[in-house]
Amino acid sequence: MQISTQQFYTSNQRNFHTLTAAADILQTQISTGKKLNAPSDDAVGYRRLQGLIRDGSNDQAYTGNITIVQSALNQADTALKSMTDDIQRAKELAIKANSGTLSPSDRGIIADELDSIIQGLVDLANAKDSRGASIFAAGGGPAVTANSTGGFTFATDAPAAIPIGDSSNAVPGEAASRLFVDSGGGNILADIKALSTALRGTGDVSALAGATGDKLTASNNQIAGVQGSLGARSQRVDIESARITANATDREITRGAIEDTDVTQAITDLQKTMTILSAAQSSFSKLSNLSLFNYLK
């Protein structure tokens, strides 16, 4: 078989181009630390990498939501503990008001403190989270509203659920009605207000004080139940947060296997490629200088 001069040059140029391109790719991989710099480098790997990037972005958004939910639930737990303390203090005052030996001045002092407790409970219930959203009501509306008639209105809807995973969400609070409204439709704020009003009068408040004390005990038990529910919810959010952290670690390992350069191996491959290229160039140079006279020598 005869090979023409043109075929000889074309074949060698093609070989040089292939080796040079391979060397350039290896040099780029070494300098950038990435073996996947374009979709054409590895179409399957590139698609997998894009999926990992998308999953990472989603988890970053979920992590931000988890931070909001955890902060709101912690804030709610703190508020509920303060409510429990306030209601316990109101119970102590109700027991004190049950005494028939109180002077009008003493009754007035107890009434003033009960009014202060009511206001404190309203303020705690109307707390906002880091977004400015209500913790014990849906949206940004008030959880508890004191009416001009002396009554109270309570939010019946909890804050909207926030996504914390592909198929998981969490409610960053609770409805105020679950805290203050009892099974009979009455509410503890109205009960405390009624006792305060009675203390400012001249009648016997013993029976009312005793009944209010029992309602205050039931109210604290009700709030304790909400605290337990929020605590369980907080634990679930923590588990989801741990899952996202573990996924991020696994995702980084997978990404590195697809994208990162094995520098040691790449340097070895580059040296081999350059050796082959140098040998091919040397061989081509010698062969291209041959002529009939060289052959006849």
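The values are calculated or read from the model by the stated rules, or taken from the named source; none is laboratory data. None of the values given here were measured: they were computed from a predicted structure. Neighbour counts run over all protein chains shown; Cβ positions are idealised from the backbone, glycine included. Surface accessibility is based on the protein's heavy atoms, side chains included, excluding ligands, DNA and RNA. Shrake-Rupley method; radii C 1.70, N 1.55, O 1.52, S 1.80 Å.
Just to be sure, is T264 over 30 Å from S57 (Cβ atoms) and of a type in the set (V, I, T)? Full working, then the answer.
On the way: over 30 Å from S57 (Cβ atoms): yes; of a type in the set (V, I, T): yes.
Yes: the conditions hold for T264.
Say whether the condition of being crowded, with 19+ Cβ neighbours inside 10 Å and among the aliphatic types (A, V, I, L, M) is met by at least one residue in segment 54-62.
We begin by selecting, within segment 54-62, every residue crowded, with 19+ Cβ neighbours inside 10 Å; these are 59, 62.
Keeping just the survivors that are among the aliphatic types (A, V, I, L, M) gives none.
Looking through segment 54-62, none of the residues is crowded, with 19+ Cβ neighbours inside 10 Å and among the aliphatic types (A, V, I, L, M).
In segment 160-189, how many residues are open to solvent by less than 10 Å² (accessible area, probe 1.4 Å) and in contact with a Phe, Trp or Tyr (Cβ under 8 Å, 6 or more places away or on another chain)?
Applying the first criterion (open to solvent by less than 10 Å² (accessible area, probe 1.4 Å)) to segment 160-189 yields 164-165, 170, 172-173, 175-176, 179-180, 188-189.
Next cut, in contact with a Phe, Trp or Tyr (Cβ under 8 Å, 6 or more places away or on another chain) only: 164-165, 173, 175-176, 179-180, 188-189.
Result for segment 160-189: 9.
Restricting the first member to segment 66-92 and to residues that are more than 14 Å from G225 (Cα to Cα) and open to solvent by 10 Å² or more (accessible area, probe 1.4 Å), and the second to residues that are among the hydroxyl-bearing types (S, T, Y) and not in a helix (DSSP H, G or I), the beta-carbon pairs closer than 9 Å and six or more apart or on different chains are T67/S130; I68/S130; S71/S130; Q75/S130. Considering segment 195-223, the residues that are outside any helix (DSSP H, G or I) and open to solvent by less than 70 Å² (accessible area, probe 1.4 Å) include one that is farthest from I117 (Cα to Cα), namely G203. I'd like to know if segment 259-267 contains one or more residues that are closer than 30 Å to A43 by Cα, modelled with pLDDT under 75, in a helix (DSSP H, G or I) and within 28 Å of the chain's Cα centre (by Cα). Checking segment 259-267: at least one residue is closer than 30 Å to A43 by Cα, modelled with pLDDT under 75, in a helix (DSSP H, G or I) and within 28 Å of the chain's Cα centre (by Cα). Residue-level check: of (1) farther than 26 Å from A61 by Cβ; (2) in contact with a helix residue (DSSP H, G or I) (Cβ under 8 Å, 6 or more places away or on another chain); (3) modelled with pLDDT of 95 or more, S177 misses just (2). Mind listing whichever residues of segment 179-216 are under 27 Å from S103 (Cβ atoms), within 44 Å of the chain's Cα centre (by Cα) and not hydrophobic (A, V, I, L, M, F, W, C)? Passing the criteria: D191, K193, S196, T212, G213, D214, K215. Going through segment 119-132 one residue at a time, which ones are out of contact with any strand residue (DSSP E or B) (no Cβ under 8 Å at 6 or more places or on another chain) and touching a residue at least 40 places away in the same chain (Cβ under 8 Å)? Result: L124, D129, S130, R131.
Restrict the check to segment 225-245 and report whether at least one residue is open to solvent by 30 Å² or more (accessible area, probe 1.4 Å) and over 32 Å from the mean Cα position of the chain (by Cα). Scanning segment 225-245 turns up no residue that is open to solvent by 30 Å² or more (accessible area, probe 1.4 Å) and over 32 Å from the mean Cα position of the chain (by Cα). Identification of strands (runs of 3 or more DSSP E) wholly contained in segment 82-186 with 1 or more residues that are of a type in the set (S, T, N, Q) yields 144-146, 152-154, 168-170.
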